[in-house]
Amino acid sequence: MSSQDEAHSDKRLQHSMHGQFDDHSYEQWRALIEQRTGLQLADHLRSYLQGGLNRRMKLLNIDDYESYLEYVTDERNGFKEWSELVDTLTVQETQFFRHPDSFTYLESYIDELICQNDRARSIEIWSVGCSSGEESYSLAMLADKSLSAVDRIGYGVIGTDISLSAISSAKAGNYKARKAEWIPETYQDSYDKLDNKIKIKQSIADRVCFARVNILDLDRVPIRDMDIIFCQNLLIYLRKWRRKEVVNRLAERLKIGGVLVLGLGEVTDWSHPKLRQVDSRNVLAFERFKA
Ligand SMILES: C[S@@+](CC[C@H](N)C(=O)[O-])C[C@H]1O[C@@H](n2cnc3c(N)ncnc32)[C@H](O)[C@@H]1O
């Protein structure tokens, strides 16, 4: 068989299994995903998208992309399948204390808050695009340690993500033991070791809650007056104009004096009238003016 024949037969096989993923189908799916999640699927991810759709369609015994599109966009029944598809297509890679410099910066920020506040209060932290929870628990471990000798100040962390399966793993608070390699030694008392797993200590887990939130729907989300908003490795999947829209909305959710911590280089050429950029080469953070 010539390579041309082979390519033709591959195409026929794909066609018979899942209809044809032609340019029209591809554009329809790409537009729907971007409109609903903000995720920009570059052309080189076409086969990644197709693979994700194929996996879901196989499970549902649906043969063509058009019928699956109708199924997913059905107003009454599509939501559950849409969630499954989002789980398949989102990159959920994460680690505890993933960007150590950001955590070092927050440690000194919390120390400053302690010095400036002599009254009882709670430090409110939001981990946006928290995946399976490692980032949210890292923030909780940091706050817990920093505030351990300060009775008058408490803290709370909320982790949000679009993926329901990520949120449910986050709530469980169990991780493979090798994940603990990323947790600095000073926080070793923040988790229990169980065979080949670790479990976040109850006293820390009690301070952390999780919810499904799509960052494109921030207008409808009643989370505000945050001291710390932490959003890393999510904006990179969005178009540049949309990143700015999202950070504008996040900025409005900060308390006076609060900080927005992003991933290095994730937003460029952005400023906000109520925020000043923290002077650092190692972190990308913006503080809300005190007055
Ligand atoms: C690569 S992970 C980053 C996790 C963590 N922030 C970190 O830096 O390790 C990106 C996360 O963003 C979530 N995500 C993608 N699109 C989203 C959206 N529109 N709204 C909320 N979360 C989203 C994904 O489900 C995924 O868990």
Cα lying deepest toward the dipole's positive end in the chain, options Asn54, Val157, Gln40, charges on Cβ: Val157
Full-stretch length increase - Arg119, Leu264 - with 0.36 nm per residue and alpha-carbon distance subtracted: 48.8 nm
GNM top mover of Ala170, Ala149, Ala31 - the chain, alpha-carbon springs below 10 Å: Ala149
Most to least packed among 85-95, 127-137 [average Cβ atoms within 10 Å]: 127-137, 85-95
Gaussian network model of the chain, Cα within-10 Å springs - most flexible of Asp151, Asp206, Asp64: Asp151
Label-point separation in nm, Asn196 to Lys58, each point 7 Å along Cα→Cβ: 2.5 nm
Which of Tyr71, Tyr187 has the fewest Cβ neighbours within 10 Å, and the rest in rising order: Tyr71, Tyr187
Neighbour-count order for His272, His24, His44, fewest beta carbons within 10 angstrom listed first: His44, His24, His272
Mean Cβ count within 10 Å, highest first, over the residues of peptides 223-236, 46-59: 223-236, 46-59
Cα-based reach from Lys171 at 28 Å (exclusive), listing lysines while leaving out same-chain residues under 8 positions away: Lys80, Lys145, Lys179, Lys193, Lys197, Lys199, Lys201, Lys255
Within the chain, helix-based [θ] at 222 nm, where runs of 4 or more DSSP H residues each add -39,500 (n - 2.57), nearest 500: -13000 deg cm²/dmol
Residue order, fewest to most beta carbons within 10 Å, for Trp182, Trp241, Trp126, Trp82: Trp241, Trp182, Trp82, Trp126
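Where a number appears in this text, it was derived from the coordinates with a stated rule and is not lab data. This is a predicted model, so every value here is computed, not measured. Every residue, glycine among them, receives a Cβ derived from its backbone with ideal geometry; neighbour counts consider all protein chains shown.
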